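Q: This is the structure I want to talk about, given as structure tokens.
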Amino acid sequence: MAILNVEHIRKSFGPTEVLKDISFSLEKGQVVSIIGSSGSGKTTLLRCINLLERPTSGKVMVNTDVIFDSEDPATQREQDLRKKRLHFGFVFQSFNLFPQYTAKGNVMLARQLLAKEQPDYKTRKKEILAEIEQQAEQLLVQIGLADRMDNYPHQLSGGQQQRVAIARALALQPDILCFDEPTSALDPELTGEVLKVMKELAEQKTTMIIVTHEMAFARDVANHVIFMDNGTICEQGTPDQVFNHPQQERTKQFLSRYTQG
Amino acid sequence: MQTIMEQMPIVLNSLNAGFLQTLKLFFVTLLGAIPLGLIIAFGSMSRFKPLSLLTKFIVWIIRGTPLMIQMLIIYYFPGLVFNNPIWGGGETGRFLAASVSFIINYACYFSEIYRGGIQGVPKGQEEAGLVLGMTRSQIFFKVTLLQMIKRIVPPMSNEIITLVKDTALARIISLQEVIWAGQAFMKGSQGISGAIWPMFFTAFYYLIFNGILTVLLGRLEKKLDYFR
């Protein structure tokens, strides 16, 4: 049973159709990499899956839960969106840490707010908050920022900020972790430390969708690679199939630019 | 003919009373205009077109006409046109009318500053909140608001300092603020007449009060320096 099913997603911005009938599925514990040139629709696809954008048509299912179906208005209610998004963690290209909170504060904030909705929040407040803090510290240790917990984002390097953003997404224990070009805003040296964290997550069988331009990383870490071109899935398969034996002319063309460069 | 030194205690007494009225108008305006400005800002940013157009129209009128005229209209219009002087007579009525005029006027200016502040917060901040399962109001109060405040402190400081001096406009409906009090000694009051220096002297009140405000607002700006 697939953890994620994306069926016939289309998305238009005005007259421009950015996604043209995209379908794929993802098994629990797998890593899928989405590659392709800029403007091919990779980021829009990711944003449609976690409902930051509303697909023009199509269906998204997590486990057996239909989180969006363009045919069924009951799945599109604004007030349910919030809870549905919690299936996904999302890591942005530009980090988007909250500047007024420390690294630890960034990791804790969402859980602290969600905790207020628990029925036993009033009676167990101290315990709950202590547990949230402990989890945040544990996550920051895990990503190698034990000594940076109380720093504000502007005091951290880009790579450190992105690692905090990953910890922040992990704190809510999402089913699927989405990365939108997580290293595109970083220089090569800092890229390595972020990729290392992501690699460790893959080894721990975290289900992930990674939009990336890091071809070597996609080849080494992903179980499945999707090559997108002009709003469609041009080719998909195992990394070996896509990188070493591409069938489509467009895929060969795209990859040759990377191997030459 | 008394010397200035002899006139001083009488004049200061009078100016102090006037400046108290100035301060009252200043604080009441801030108290009213700071929240009202936020409501107007949300109105003009509303996705409901008629509301945003109406709000922008009102802001255009208020910012496009002199505060002095607005105050005259608000103070005299109900009595002259509807024969219903809602403000009542006397200093209380004048103070009420002046306060309402100032609050509306300043709220419109503040609203534009807020709008700039809110729109200046990167869209990614809101999206980061959304993907973390926050509600719209949690995103506003826990994420956007403080970043917006940080952005608007410098332009707000400017407006606040201007407001201190603008309170003098209430003189037009004879509110007994500090310049009114100073001017009284020209016409003649408490045995002093033809003295122009008390009016000049009122400048010190504004200067000192603005000095204090500048220091306080500077401190606030510093306080928010811990993040970027």
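Q: How far is the Cα center of the range A:142-174 from the Cα center of the range B:1-23, in Å?
A: After rounding, the separation between the Cα centres reads 61 Å.
Q: Tell me the Kirkwood radius of the protein assembly as shown: reciprocal of the mean inverse pair distance over distinct alpha-carbon atoms, in Å. Let's see the in-between values first.
A: On the way: mean 1/r = 0.0370 Å⁻¹.
It works out to 27.0 Å.
Q: Still on this structure: If the reach is capped at under 12 angstrom between alpha carbons, list the aspartates and glutamates near A:K205, excluding any in the same chain fewer than eight residues apart.
A: Filter leaves A:E27, A:D175.
Q: Apply 1/(1 + (r/R0)^6) to the Cβ-Cβ distance of B:N13 and B:E91, taking R0 = 30 Å, and write down the FRET efficiency to the nearest 0.05.
A: Here the calculated transfer efficiency is 0.95.
Q: Which value, in debye to the nearest 20, gives the size of the charge dipole of chain A about its Cα centre, when Lys and Arg are +1 and Asp and Glu are -1 at the Cβ?
A: 500 debye
Q: Between A:K252 and A:A74, what is the FRET efficiency for a Förster distance of 41 Å, r being their Cβ-Cβ separation, to the nearest 0.05?
A: 0.40
Q: Still on this structure, please answer the following. Given an 8 Å cut-off on Cα distances and at least 6 residues of separation, report the relative contact order of chain B as a percent. Can you show the working numbers first?
A: Values: 225 pairs, mean separation 62.4, N = 228.
Dividing the mean separation by the residue count of chain B yields 27 percent.
Q: For chain B, take the longest principal axis of its alpha carbons; what is the angle in degrees between that and the long axis of helix B:145-166, to the nearest 10 within 0 to 90?
A: With rounding to tens, the tilt is 20 degrees.
Q: Could you state the number of Å between the C-alpha centres of the range A:211-249 and the range B:108-145?
A: If we compute the Cα centre of each part, the gap is 37 Å.
Q: Report, in deg cm²/dmol and to the nearest 500, the calculated mean residue ellipticity at 222 nm for chain B, where each DSSP H run with n ≥ 4 adds -39500 (n - 2.57) and the sum is divided by the residue count. Mind dumping the intermediate values first?
A: On the way: 8 runs with 173 residues, N = 228.
Computed mean residue ellipticity for chain B: -26500 deg cm²/dmol.
Q: First compute the accessible area of chain B with a 1.4 Å probe, then give the percent of it belonging to carbon and sulfur atoms.
A: 69 percent
Q: Rounded, prolate or oblate: pick one for chain B, where a ≥ b ≥ c are the square roots of the eigenvalues of its C-alpha gyration tensor, a/c under 1.5 means rounded, and failing that, prolate if a/b is larger than b/c, else oblate.
A: oblate
Q: If contacts are Cα pairs under 8 angstrom and at least 6 residues apart, what is the relative contact order of the range B:108-228 in percent? Numbers along the way, then the final one.
A: Details: 78 pairs, mean separation 25.1, N = 121.
Here the relative contact order equals 21 percent.
Q: Which listed residue (B:G64, B:G188, B:A98) has the Cα farthest towards the positive end of the charge dipole for the range B:4-226, taking +1 on Lys and Arg C-beta and -1 on Asp and Glu C-beta about the Cα centre?
A: So the residue we want is B:G64.
Q: Now a separate question. Ignoring ligands, DNA and RNA and using a 1.4 Å probe, state the total buried accessible area between B and A in Å², rounded to the nearest 100. Please report the intermediate quantities before stating the final value.
A: Values: alone 13080 and 12810 Å², together 23780 Å².
Buried area (both sides, nearest 100 Å²): 2100 Å².
Q: Rounded to the nearest 500 deg cm²/dmol, what is the calculated helix-only ellipticity per residue at 222 nm for chain A, with -39500 (n - 2.57) per DSSP H run of length n ≥ 4?
A: For chain A, the value works out to -12000 deg cm²/dmol.
Q: Relative to the Cα centre, what is the charge dipole magnitude of the protein assembly as shown, using +1 at the beta carbon of each Lys and Arg, -1 at the beta carbon of each Asp and Glu, and rounding to the nearest 20 debye?
A: In total the dipole reaches around 1180 debye.
Q: Hey, another quick one. Counting pairs of alpha carbon atoms under 8 Å apart in space and at least six apart in sequence, what relative contact order in percent does chain A give? Working shown, then result.
A: Details: 459 pairs, mean separation 68.1, N = 261.
Worked out over chain A, it gives 26 percent.
Q: On to the next question. Output the 0 to 90 degree angle, nearest 10, between the alpha-carbon long axis of helix B:49-64 and the longest principal axis computed from the alpha carbons of chain B.
A: Approximately 30 degrees, to the nearest ten.
Q: Right, another one. Rank these residues by their accessible area, most exposed first, probe 1.4 Å: A:E27, B:E112, A:E203, B:E177.
A: Sorted descending by solvent-accessible area, the residues read A:E203, A:E27, B:E112, B:E177.
Q: Here's something else I'd like to know. Under a Cβ-Cβ cut-off of 10 Å, what is the net charge of the residues other than A:M108 that fall near it, where Lys and Arg count +1 and Asp and Glu count -1?
A: Combined, the nearby Lys, Arg, Asp and Glu give +1.
Q: Which of the chymotrypsin sites (Phe, Trp or Tyr not before Pro) found in the range B:1-105 are loop residues per DSSP with 14 or fewer other Cβ atoms within 10 Å of their Cβ?
A: Answer by residue number: B:F48.
Q: Please work out the average accessible area per residue across the range A:46-137, using the 1.4 Å probe convention, and give it in Å².
A: It amounts to 47 Å² per residue over the range A:46-137.
Q: How far apart, in nm, are two points set 7 Å out from the Cα along the Cα-to-Cβ line at B:T214 and at A:T64?
A: Modelled inter-label distance: 7.1 nm.
Q: With a ≥ b ≥ c the root eigenvalues of the C-alpha gyration tensor of chain A, is it rounded (a/c under 1.5), prolate (a/b larger than b/c) or oblate?
A: Values: a/c = 2.05, a/b = 1.30, b/c = 1.58.
Oblate shape, in that a/c is at least 1.5 and b/c is the bigger or equal ratio.
Q: Cut-off under 18 Å on the C-alpha distance; same-chain residues fewer than 8 positions from B:K150 excluded. Which aspartates and glutamates are left, in chain and number order?
A: B:E112, B:E126, B:E159, B:E221, B:D225
Q: Positive end of the dipole of the protein assembly as shown, charges at C-beta (+1 Lys, Arg; -1 Asp, Glu), about the Cα centre: which of A:V225, B:L38, A:N151 has its Cα farthest in that direction?
A: B:L38
Q: Please compare each pair in A:K11/A:K83; A:K84/A:K104; B:K24/B:K223 to a cut-off of 29 Å on the Cα-Cα distance and tell me which ones are over it. Show your work: numbers first, answer last.
A: Details: A:K11/A:K83 22 Å; A:K84/A:K104 25 Å; B:K24/B:K223 27 Å.
None, as every Cα separation is 29 Å or less.
Q: Oh, and also: Would you check the accessible area of B:T202, probe 1.4 Å, heavy atoms only, in square angstrom rounded to 10?
A: Per-residue accessible area (B:T202): approximately 10 Å².
Q: With angles folded into 0 to 90 degrees, how steeply does helix B:4-45 sit against the dominant principal axis of chain B? Use alpha carbons for both and round to 10.
A: Around 20 degrees separate the two axes.
Q: Of the trypsin sites (Lys or Arg not before Pro) in the range A:36-143, which ones lie in a loop per DSSP and count no more than 16 other C-beta atoms within 10 Å?
A: Answer in residue order: A:R77, A:K116.
Q: Rounded, prolate or oblate: which one fits the range B:71-171, using the alpha carbon gyration tensor with axes a ≥ b ≥ c (rounded when a/c is under 1.5, else prolate when a/b beats b/c, else oblate)?
A: Details: a/c = 4.12, a/b = 2.43, b/c = 1.70.
Prolate shape, in that a/c is at least 1.5 and a/b is the bigger ratio.
The values are calculated or read from the model by the stated rules, or taken from the named source; none is laboratory data. Note that the structure is predicted; figures quoted are calculated from it, not measured. Cβ sites come from the backbone with ideal geometry, for glycine too, and all protein chains shown count toward neighbours. SASA here: full protein model, heavy atoms, side chains in, ligands and nucleic acids out. Shrake-Rupley method; radii C 1.70, N 1.55, O 1.52, S 1.80 Å.
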